[in-house]
Amino acid sequence: MSSLIRYISRPHPITGVTNAKLGTWCFLASEVMLFGALFSAYILLRTGASSWPRGSELLSVPLATFNTLVLITSSVTMVMAWASLMMKDLSKYKRYMGFTILLALTFLVVKGFEYGHKFEHHHFPSTSTFYAIYFTLTGLHGLHVLGGVIVNTYFLLPGSKLWETEPEQFTGRIECAGLYWHFVDLVWIFLFPVLYLL
Amino acid sequence: MTGEHNLPFWRKYIFSIDHKVIGIQYAITGLLFLLFGFFLMMMMRWQLAYPGQPLPWIGHLFSEKAMLGGVMLPEFYNQLGAMHGTIMVFLGVVPLAVGGFGNYFVPLQIGAPDMAFPKLNMVSYWVYFIGGVIMIVSFFVPQGAAQSGWTSYAPLAVIAPTGQTLWLLGMVCLITSSLLGSINFITTIVQLRADGLSFFRLPFFVWAQFVTSFLLLLAFPPLEAAGVLQLMDRLAGTSFFMPSGLVVSGKVVEVSGGGNPVLWQHLFWFLAHPEVYVLILPAMGIVCEIIACNTRKPIYGYKGMVYSVIFIGFMSFIVWAHHMFLTGMGTKMSAFFQITTMIISIPSVVILTALVLSLWGGSIRFTVPMLFATAFLPMFGIGGLTGLPLGLTASDIHLHDTYYVIGHFHYVVAPGTLLALFAGIYHWFPKVTGRKMSDFLGKIHFWLSFLLMNGVFMPMFIQGLAGVSRRLWDPMQYAHAQPTQPLNVFISICAWLLGLAQIPFILNFFWSLIWGKKTDQNPWQATTLEWSAPSPPPHGNFEHVPVVYRGPYEYSIPGQRNDFWPQAMKEGN
């Protein structure tokens, strides 16, 4: 059945992409609209507010800077994982993919400490509009990171069996997972200055 | 492909990954929800026609919280209103038009064996199904379902009872489902067209579904964002939409404040205006297919229609605030959205005009689908033209939130889209089942539905111009609404008769399924690719991989023996 569907592992000669890659780009376009709407809400609420705190006074900039570096590094290891597959080296792929997952988990643990610290000081989403938008945006981003961890773990363990039968298709899948992962990274690159610095 | 035939029942018909089975699942679920949403409305019509009188027969079946001694309570009326809108739009029309017709016929019309992502297709149906279940369950939680209108305006929706939370969760499911579906459609149409099927050889129906998919893909996420924010407001106590110092029942609400209720409206209408085009574009696509086939001539201005539909898709993203002229957003903003609204009416007029001109000089066969399709043209025309006074601020101030608005958009989606969807069912029934539906029952269904729909919606313009507000539980409370009360009785009777008028359709549907006249693969002598596949199409759809040699509407070409020239036929005929 599925073998009848064209362009699963090889790109379409005219569009130059596989089905999965086009689908991933469409999905990312919708994600841009999702976060775009949330950023717009942030701008509207902030410009309408009588006073707005400086993020750096309420949030921990060093921890966020560390987390930014962690995510950027994970994007690099993700590319390396894909590149290893392009060079037909599965064990190297597994090492880099493992690193990517570990870095993502590190990000989540640090984020968890930040949240815990806020809760200890009785700063909740209901405290102020600033905290409301902080928790909503970082929470939604955190869920995206968690989603990435689940997908990448699947491709590290059971999903990698596809390599033996359809190496081309498997490499394509990792490229798509990479596109998503870079997007999650990019969202954080916007979130960090908007929430912590401005 | 060979393994598919030996699948167990639940893999073949329930958790199927075949686009045709999924399309049928969508269509049947959508039709059932349309019927359910219609029942909700028929109950509301009793309260509007005979305010304060107990609902006969079924009134006592409801709990005392809904109907006290058979008399509908205002809270329950509000639940019915909010859920009627939600169910008709998100659980009825969109799943039928996009999920049903789109899933079944887009792969067939482009000559593909299936959708690009069959498993994702199955997931999107089941996520939709879960969303529907959540919406129905919400009627049974304490204090009932959502009751803040289908628009769920804040802050009213934020302080509403539990049903609203379920509404939001249900919407998140429905949005996710549409999102997955739209990714699938776009990828399928871009990647899996048969050899020779260039973009300008696509049937207009596929174009309409293509643009619709982009609207779903890009307009739904902002509502998902808005839904998340409203969920936070309700569950975590944030104040995204809660202004400072809001007083409810004489008490100041204890929230941090600083939120903006208009923000909800912006995010909601950023989705819900493109959504209007999600409702109408597939209908236009269906009508175009049927008109071309039944006039036996090429569509007039096919390319102009394609450019128009793309332009509509683009413009629909920058007209949303014409729903918000009365929020005090300022005259400059209003002027901008007024202008874009006038501009977007032009491509719609182009499409409608092209369809009307296509009738000119045709040898029209008035089959049942053609009756529905021709009726669509003036009905959508009325719906569209009555929208213009709403798009201009000066007249909108008077008409905003009156029955005029209800009349306007129902003309677009009920005698407009629904007639087109019925047309599609009659037109493609032979392809899906291999049998034709009864002409006799079909004509009864058509004439009764057509007349009664006008009976329901035409008087609403008069009520609206008289200043009667929508969402009134008891119109008799207002002196200016009382003179139009006889119209309410008339509308209600028409609505109940309209309900009865669907019985011939339901009978016809099941009767034809078993005893309908058997047909060959191309009973209408149509040109597009789905008619080159067997009826019903097997797994993988086509017996031979189709190759396309010409455009979609090659009817009555001089020098040809037959008056139709199928897209997949290599030589002349």
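Excluding A:His182 itself, calculate the net charge of residues whose Cβ lies under 12 Å from the Cβ of A:His182, where each Lys or Arg counts +1 and each Asp or Glu counts -1.
-3
Using just the alpha carbons, could you tell me how many Å³ per residue the convex hull of the protein assembly as shown encloses?
On the way: hull volume 131.4 nm³, N = 771.
Output value, Cα hull per residue: 170 Å³.
With 5 Å bins from zero, work out the P(r) of segment B:415-573 over every alpha carbon pair and list the percent per bin.
Answer for segment B:415-573: a P(r) of 1, 8, 13, 13, 12, 11, 10, 8, 7, 6, 5, 4, 2, 1, 0 percent.
Take the Cα radius of gyration of segment A:1-71 and divide it by 2.2 N^0.38 Å, with N its residue count; two decimals is plenty. Present the calculation step by step, with values, prior to reporting the outcome.
Details: Rg = 20.9 Å, N = 71, 2.2 N^0.38 = 11.1 Å.
Cα-based Rg divided by the globular estimate yields 1.88.
Excluding ligands, DNA and RNA, what is the solvent-accessible area per residue of segment B:390-454 at a probe of 1.4 Å, expressed in Å²? Mind showing how you got there, number by number?
Values: 2060 Å² over 65 residues.
Roughly 32 Å² per residue, with all protein chains present.
Given a 1.4 Å probe, how much area per residue of chain A is accessible, in Å²? Before the final figure, lay out each step's value.
Working: 9360 Å² over 198 residues.
For chain A, the solvent-accessible area averages 47 Å² per residue.
If you average 1/r over all unlike Cα pairs in segment B:292-361 and invert the result, what Kirkwood radius do you get in angstrom?
On the way: mean 1/r = 0.0729 Å⁻¹.
Every distinct Cα pair counted, the radius reaches 13.7 Å.
Springs between alpha-carbon pairs under 10 angstrom, Gaussian network model over chain A: which of A:Ala49, A:Ala83, A:Ala104 fluctuates most?
Its mean-square fluctuation being the largest, the pick is A:Ala49.
Provide the net charge surrounding A:Ser60, with neighbours chosen by a C-beta distance below 15 Å and charges set as Lys +1, Arg +1, Asp -1, Glu -1.
Once all neighbours under 15 Å are counted, the net charge is 0.
Which order do you get for A:Lys118, B:Lys65 if you rank them by accessible area with a 1.4 Å probe, largest at the top?
Values: A:Lys118 10, B:Lys65 155 Å².
I get B:Lys65, A:Lys118, largest accessible area first.
If one takes the longest principal axis of the Cα atoms in chain B, at what angle in degrees, from 0 to 90 and to the nearest 10, does the Cα axis of helix B:331-359 lie?
It is inclined by approximately 30 degrees.
Taking amide H positions as placed 1.01 Å from N in the peptide plane, with prolines and chain starts having none, which residues 5 or more places from B:Thr402, or on another chain, fall under 5 Å of its amide H?
Placed amide hydrogens put B:Arg470 under 5 Å from B:Thr402.
Against the longest principal axis of chain B, how steep is helix B:204-235, in degrees 0 to 90 to the nearest 10, with axes from Cα atoms?
30
Per 5 Å bin, what is the whole-percent P(r) computed from every C-alpha pair distance within chain A?
Calculated over all Cα pairs of chain A, the distribution is 1, 7, 14, 17, 16, 14, 10, 8, 6, 4, 2, 0, 0 percent.
Which distance in Å, rounded to a whole number, links the C-alpha centroids of segment B:164-226 and segment B:495-513?
Answer, in whole Å: 30.
How long is segment B:21-114 along each principal axis, judged by its Cα atoms, biggest number first, in Å?
Extents along the principal axes, in whole Å: 58, 19, 18.
How many percent of all Cα-Cα pairs in chain B sit more than 32 Å apart?
Values: 75131 of 163878 pairs.
Distances greater than 32 Å cover 46 percent of the Cα pairs.
Can you give the accessible area buried between chains B and A, summed over both chains, with a 1.4 Å probe, in Å² to the nearest 100? Could the numbers behind the result be given before it?
Numbers: alone 22740 and 10960 Å², together 30610 Å².
In total, chains B and A hide about 3100 Å² from solvent.
Taking the Cα centroid of segment B:372-387 and of segment B:524-557, what is the distance between the two, rounded to the nearest whole Å?
30
Kindly state, as a whole number, the per residue volume in cubic angstrom of the convex hull around the alpha carbon atoms of segment B:260-395.
Working: hull volume 13.3 nm³, N = 136.
Spread over its residues, the Cα hull of segment B:260-395 gives 98 Å³ apiece.
Could you work out the per residue convex hull volume over the alpha carbons of segment B:118-267, in cubic angstrom?
On the way: hull volume 18.2 nm³, N = 150.
About 122 Å³ per residue, rounded to a whole number.
Between segment A:117-153 and segment B:408-426, what's the alpha-carbon centroid distance in Å?
After rounding, the separation between the Cα centres reads 44 Å.
Rounded to a whole number, what is D in µm²/s for segment B:441-483 from Stokes-Einstein with the Kirkwood radius over alpha-carbon pairs (37 °C, 0.692 mPa s)? Don't jump to the answer; show the numbers that get you there.
Details: Rh = 12.1 Å.
Diffusion coefficient, whole number: 270 µm²/s.
Provide the net charge surrounding A:Thr15, with neighbours chosen by a C-beta distance below 13 Å and charges set as Lys +1, Arg +1, Asp -1, Glu -1. Numbers along the way, then the final one.
Working: positive: A:Arg6, A:Arg10, A:Lys21, B:Arg193; negative: none.
My count for the surroundings of A:Thr15 gives +4.
Each residue of segment B:268-273 in turn: what ³J(HN,Hα) in whole Hz from Karplus with 6.51, -1.76, 1.60 and θ = phi - 60°, glycine and Pro shown as x?
My calculation for segment B:268-273 gives 5, 6, 4, 6, 6, 6 Hz in order.
Evaluate E = 1/(1 + (r/R0)^6) for A:Leu90 and A:Val32, where r is the Cβ-Cβ distance and R0 equals 35 Å; express this FRET efficiency to the nearest 0.05. Intermediate results must be reported in sequence, preceding the final value.
Working: r = 33 Å, r/R0 = 0.94.
Step by step, r from the Cβ atoms, then E = 0.60.
The values are calculated or read from the model by the stated rules, or taken from the named source; none is laboratory data. In this text the structure is predicted, and so the values were computed from the model without any measurement. Virtual Cβ from ideal backbone geometry, glycine too; neighbours counted across all protein chains shown. Heads up: the accessible areas ignore ligands, DNA and RNA and are worked out on the full protein's heavy atoms, side chains in. Shrake-Rupley method; radii C 1.70, N 1.55, O 1.52, S 1.80 Å.
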